[in-house]
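In what follows, a structure is listed as structure tokens, so that the remarks can point back to it.
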Amino acid sequence: MKKTPLYEVHRALGARMITFAGFEMPVMYSSIIEEHMAVRERAGLFDVSHMGEIFVSGSDALEFLQWITSNDVGKMKVGRAKYNALPTERGTVVDDLLVYKMDDELYMLVVNAANIDKDFQWLMEHSNDFDVKLENLSAEYFQLALQGPLAQQILQPLADFELSTIKYYRFKVAEVLGTEVILSRTGYTGEDGFEIYGPAEEAKKFWDAIMEVGRDHGMLPAGLGARDSLRLEAGMNLYGNDMDETTTLLEADLEWIVKWEKDFLGKEALLKQKKEGLRRKLVGFEMVDRGLPRHGYKVYVDGKEYGVVASGGYAPYIKKNIGNVYLPIEKAREGEEFEIEIRGKLHRARVVSRPFYSRIK
């Protein structure tokens, strides 16, 4: 079982630990609802050091990433991050990831914890025709996510530059607490916030410093439970639940990161699917009847079994039971109803638009 550099810190805080992607991780410290609401209203601090960091360098780094990912890396400037995906030849999803442009010949890919080895192998297998160097440095980095409307206020005393200069999906390599880190204005909660990448051995120093300042602002340590409910409420897909190598980027409602004007692996398959028309699509839903939908619960359309709930749960901020599900394209319209089997009984659900919550009104 792998552990992040902050494992002992989580145990000392009394966190409830679970196994996730081969790591022993905190699922919650107080309660999922309490931590969720802290992030929406104040701030929460997450240890996400289980995530992977893969570096791509060399004279063909840009050309390689343009081919191996679906979104447009070519338009990125140094200091920018971009949400992206690794498609297969069939247009299905190897993984979703963030691409950071460090300089013209160096990029950092932040990948899902469960897919680190798979992604690195995929990149290696498809890099033979390019002059690139690939390095999996995941074990050398910690990653903290400080999320919530008070994130900047909490982090500012620890930085010797104005954090407001880092705009959304931008980053800066800077010295914080005497250590060089990558500080990006990104996150997976739907709130403002920062993600900090630094040397693994420095993780506790950063955690303790942020906790010290954050305590006076009502910040809470937050676990994977709140991370999941926050991202679901904010309409963000989770790899392994909402998409995988059996679902295409179009089916997963991710056409916005498919840039048709460039050539990339899987483009022909996706173009063919787009021309022929989708047969199913990932949509958001809310429960009409009482009942809590969970990943894997059976779904029924017009009385016939049709797949399972992709993601589901209680959304504490909007106070609704919500989720994501793949439905036949003719039923994937707002207002359409279907049923979910919960504890042996069928409960009605209705298709609604995503995101369920947005901080930008």
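Checking 305, 268, 286 one by one, the residue that is outside any strand (DSSP E or B) and modelled with pLDDT of 95 or more is 268 and no other.
When residues in the range 309-341 are screened for being touching a strand residue (DSSP E or B) at 6+ places or on another chain (Cβ under 9 Å), crowded, with 17+ Cβ neighbours inside 10 Å and either of a type in the set (Val, Ile, Thr) or within 17 Å of residue 236 (Cα to Cα) (or both), 14 of them pass.
Taking the listed residues 300, 314, 326, the one that is closer than 22 Å to residue 92 by Cβ, of a type in the set (Ser, Thr, Tyr) and at pLDDT 95 or above is 326, with no other qualifying.
Among the residues that make up the range 58-68, is at least one of them out of contact with any helix residue (DSSP H, G or I) (no Cβ under 9 Å at 6 or more places or on another chain), surrounded by fewer than 19 Cβ atoms within 10 Å (Cβ to Cβ) and aliphatic (A, V, I, L, M)? Scanning the range 58-68 turns up no residue that is out of contact with any helix residue (DSSP H, G or I) (no Cβ under 9 Å at 6 or more places or on another chain), surrounded by fewer than 19 Cβ atoms within 10 Å (Cβ to Cβ) and aliphatic (A, V, I, L, M).
The residue of the range 137-176 that is surrounded by the most Cβ atoms within 10 Å (Cβ to Cβ), among those that are out of contact with any Lys or Arg (no Cβ under 6 Å at 6 or more places or on another chain), among the hydrophobic types (A, V, I, L, M, F, W, C) and outside any strand (DSSP E or B), is 151.
Which residues, taken from the range 198-218, are buried (at least 21 other Cβ atoms within 10 Å of the Cβ) and either without any contact (Cβ under 8 Å) to a residue 40 or more places away in the chain or under 24 Å from residue 139 (Cα atoms) (or both)? Outline the logic, then answer.
So the first thing to find is which residues in the range 198-218 are buried (at least 21 other Cβ atoms within 10 Å of the Cβ), and the list is 198, 203, 206-207, 210, 214.
198, 203, 206, 207, 210, listed by residue number.
Please determine, by comparing only the residues of the range 5-53 that are of a type in the set (A, V, I, L, M, F, W, C) and part of a helix (DSSP H, G or I), which one is surrounded by the fewest Cβ atoms within 10 Å (Cβ to Cβ). Full working, then the answer.
Restricting attention to the range 5-53, the residues satisfying the condition of being of a type in the set (A, V, I, L, M, F, W, C) are 6, 9, 12-13, 15, 17-18, 20-21, 23, 25, 27-28, 32-33, 37-39, 43, 45-46, 48, 51.
Checking the rest, the ones that are also part of a helix (DSSP H, G or I) come to 9, 12, 32-33, 37-39.
Numbers: 9: 18, 12: 9, 32: 23, 33: 15, 37: 17, 38: 24, 39: 32.
Among them, the one singled out is 12.
Take residue 261 and tell me if it is touching a Lys or Arg at 6+ places or on another chain (Cβ under 6 Å) and either outside the structural domain of residue 226 (by TED's automatic domain parsing) or touching a residue at least 60 places away in the same chain (Cβ under 8 Å) (or both). Criteria not met by residue 261.
Residues being in a helix (DSSP H, G or I) and within 16 Å of residue 323 (Cβ to Cβ) are represented in the range 205-225 by at least one member.
The values are calculated or read from the model by the stated rules, or taken from the named source; none is laboratory data. Keep in mind it's a predicted model, so treat the numbers as computed, not measured. Reconstructed Cβ throughout: ideal geometry from the backbone, glycine too, with neighbour counts over all protein chains shown.
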